[in-house]
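One structure below.
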Amino acid sequence: MTGKVRADVRAPSGFEMDVEALEVLQRVPDETPFPIQLKEAGVDFLMEHRHLWLRTPRQSAILRVRATIMRAAAQYFDDNGFVRTDPPILTPNACEGTSELFEMDYFDDDKAYLTQSGQLYVEATALALGKVYSFGPTFRAEKSKTRRHLTEFWMVEPEMAFAGLPELLELAENYLSFIVAEVLKKHLGDLKVIGRDVTKLEGIQAPFPRLSYEDAHAMLVDAHAKGLIETLHKDGDDFGSPDETYLSNQFDRPVMVHRYPAAFKAFYMQPDPEDPTKALCVDVLAPEGYGEIIGGSERVADYDLLKSRIEEHGLPLAAFQWYLDLRKYGSVQHCGFGMGIERVVAWICGLDHVRETIPFARTLNRIYP
RNA sequence: UCCUGAGUAGCUCAAUGGCAGAGCAUUCGGCUGUUAACCGAAGGGUUGUAGGUUCGAGUCCUACCUCAGGAGCCA
């Protein structure tokens with residue numbers, strides 16, 4: 001359509017266009033009308049028509065916000081001395097275990113796996129370049145059917161040499177604050193279309209609350225005594241989803257839970273020198289029940305300790321030889337975290353499910369379209 | 001893998017064990033300052049699949065399939 005735009009108080013937008021010419025580019029047959037109505041529809045139907053669902057105002061708005069989040073997620077690091085070093089997507093071994101990987105044949109005799117994290121590789125580039133990050137798709141073959149899980153999702157992973165947990169916490173809170181600010185700067189209109197309460201985002205500014213595992217445990221015991229959560233948290237156990245939801249709901253900005261028991265954490269996490277049963281790690285829990293959006297830690301820098309950790313976890317030493325080399329030839333303190341883009345988009349947009357945060361979500365039961 | 005719930009018209013949903021319906025969409029007619037319009041009419045069904053109980057099953061029973069979101073695990 002072409003024509004002249006004029007102001008008109010009767011129009012909701014304040015403007016009307018007087019059409020002077022109209023050309024039909026394509027006529028959709030009446031018998032097969034456009035399948036998506038601006039009415040309520042079921043999840044299965046909408047996902048089956050994801051390629052057309054994208055044309056609705058709300059879905060378009062979400063993808064515009066996602067694009068800004070992805071740009072901001074890279075820009076912050078680019079502007080702060082980090083070098084982008086993307087790790088391989090095809091990997092020879094698991095990062096932390098082998099149970100949840102997508103496996104494929106790699107030519108004649110070998111197996112390859114789709115990466116579930118680039119972390120081990122960015123440790124290598126960090127020890128070469130200082131401050132680095134990676135940003136790309138990752139894959140988990142977990143049979144998780146929840147509003148927070150995709151089998152294919154995008155992760156951004158910074159890694160810093162000569163830095164430890166305190167620096168990592170600062171990085172995380174400044175990083176998230178920057179991303180939220182960028183979205184608020186550019187997408188108030190889109191957030192309105194999405195129906196997001198932006199007052200919840202305006203307060204997302206560093207510093208973020210810090211909560212030790214011990215203090216978090218105490219809060220959960222207290223909450224259970226008051227009947228606010230069903231199951232009693234046992235000291236020394238990991239937090240369950242309901243625990244994390246409760247904890248995050250006690251704060252109006254992301255809460256950084258640190259120093260979990262090393263017993264149930266990954267083999268590469270550095271023990272706390274003040275209490276070696278704890279790991280120098282952090283989970284950042286988003287507000288409003290959106291769960292863990294960042295997980296990170298200081299890494300084991302010592303060769304012998306790392307080697308014994310690998311053995312304790314029953315992992316094949318041969319596969320980690322190169323990773324051990326990083327400790328053999330000039331090892332220094334280093335740390336990093338991984339942030340799941342889709343969970344951040346879901347949180348910032350206030351969505352019910354991460355499947356709306358990515359153009360074509362891959363989930364346990366769907367790989368079409 | 002486990003738990004819970006749901007499968008009825010293109011979509012969203014009704015229907016005490018007793019004639020399978022409504023709104024939206026589609027078609028036709030009317031109306032209209034509309035923007036998820038409004039008024040009238042029409043067409044549209046193997047009630048997820050396979051068995052079973054019953055005079056009679058969308059409804060009750062069994063198995064299976066599909067989907068949902070929760071647990072576990074994770075970002």
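Taking Cα atoms, how many degrees apart are the long axis of helix A:213-225 and the longest axis of chain A, rounded to 10 and kept between 0 and 90? Its long axis makes an angle of about 60 degrees.
A simple charge model with +1 on the Cβ of Lys and Arg, -1 on the Cβ of Asp and Glu and nothing else charged puts the dipole of chain A at about 1080 debye relative to its Cα centre.
Amide H to amide H, with H built 1.01 Å from N, A:THR138 comes under 5 Å of A:PHE153, A:TRP154, A:MET155, counting only residues 5 or more places away or on other chains. With q set to 0.06 Å⁻¹, the log10 of I(q)/I(0) for chain A, from the Debye formula over equal scatterers at the Cα positions, is -0.28.
Among the chymotrypsin sites (Phe, Trp or Tyr not before Pro) in segment A:314-352, those placed in a DSSP loop whose Cβ has at most 15 other Cβ atoms within 10 Å are A:TYR329.
Here, segment A:260-343 yields an orientationally averaged convex hull projection of 6.6 nm² when only Cα atoms define the hull. The spacing between segment A:28-93 and segment A:291-310, judged by their C-alpha centroids, is 32 Å.
Could you tell me whether segment A:218-369 comes out rounded, prolate or oblate from its Cα gyration tensor? Rule is a ≥ b ≥ c as square roots of the eigenvalues, rounded for a/c under 1.5, then prolate if a/b exceeds b/c, otherwise oblate. The shape class here is oblate.
Helix A:57-78 and the longest principal axis of the C-alpha atoms of chain A enclose an angle of approximately 40°.
Per residue, chain A reaches -10000 deg cm²/dmol at 222 nm when only DSSP H runs of four or more residues are counted, each adding -39500 (n - 2.57). For the residues A:ALA74, A:ALA112, A:ALA172, a GNM of chain A with alpha-carbon springs under 10 Å puts the largest fluctuation on A:ALA112. Our coupling estimate for segment A:28-37, obtained by passing each phi through the Karplus curve with A = 6.51, B = -1.76, C = 1.60 and θ = phi - 60°, is 7, x, 4, 5, 10, x, 3, x, 8, 9 Hz, Gly and Pro reported as x. When Rg and Dmax are taken over the Cα atoms of segment A:1-128, they come to 24.6, 72 Å. Per-residue Karplus couplings for segment A:358-369, computed as 6.51 cos²θ - 1.76 cosθ + 1.60 with θ equal to phi - 60°, are listed in order as 9, x, 10, 6, 9, 10, 3, 9, 9, 9, 10, x Hz, Gly and Pro entered as x.
Among the listed pairs A:LYS234/A:LYS278; A:LYS39/A:LYS192; A:LYS111/A:LYS131; A:LYS131/A:LYS265; A:LYS234/A:LYS307, give every one whose C-alpha distance is greater than 26 Å. Beyond 26 Å between Cα atoms: A:LYS111/A:LYS131; A:LYS234/A:LYS307. On a 0 to 90° scale, report how tilted helix A:119-129 is relative to the longest principal axis of chain A, with both axes built from alpha carbons and the result rounded to the nearest 10. Helix A:119-129 and the main axis of chain A meet at about 80 degrees. Using θ = phi - 60° in the Karplus curve 6.51 cos²θ - 1.76 cosθ + 1.60, the 3J(HN,Hα) couplings for segment A:317-322 round to 4, 4, 5, 9, 4, 5 Hz; x is entered for Gly and Pro. Packing, taken as the mean count of other beta carbons within 10 Å per residue, orders the peptides A:361-367, A:277-283 from highest to lowest as A:277-283, A:361-367.
Note on chain A: GNM, Cα springs under 10 Å; of A:GLY195, A:GLY42, A:GLY118, the largest mean-square fluctuation is that of A:GLY42. Specify which residue in the list A:ILE179, A:THR85, A:TYR113 is farthest towards the positive end of the charge dipole of segment A:76-204, using unit charges on the beta carbon of Lys, Arg (+1) and Asp, Glu (-1), about the Cα centre. Among A:ILE179, A:THR85, A:TYR113, the one farthest towards the positive end of the dipole of segment A:76-204 is A:ILE179.
Readers should treat all values here as calculations from the given coordinates under stated rules, not as data from a laboratory. Since we're looking at a predicted model, the values are computed, not measured. FYI the Cβ positions are ideal-geometry reconstructions off the backbone, even for glycines, and counts take in every protein chain you see.
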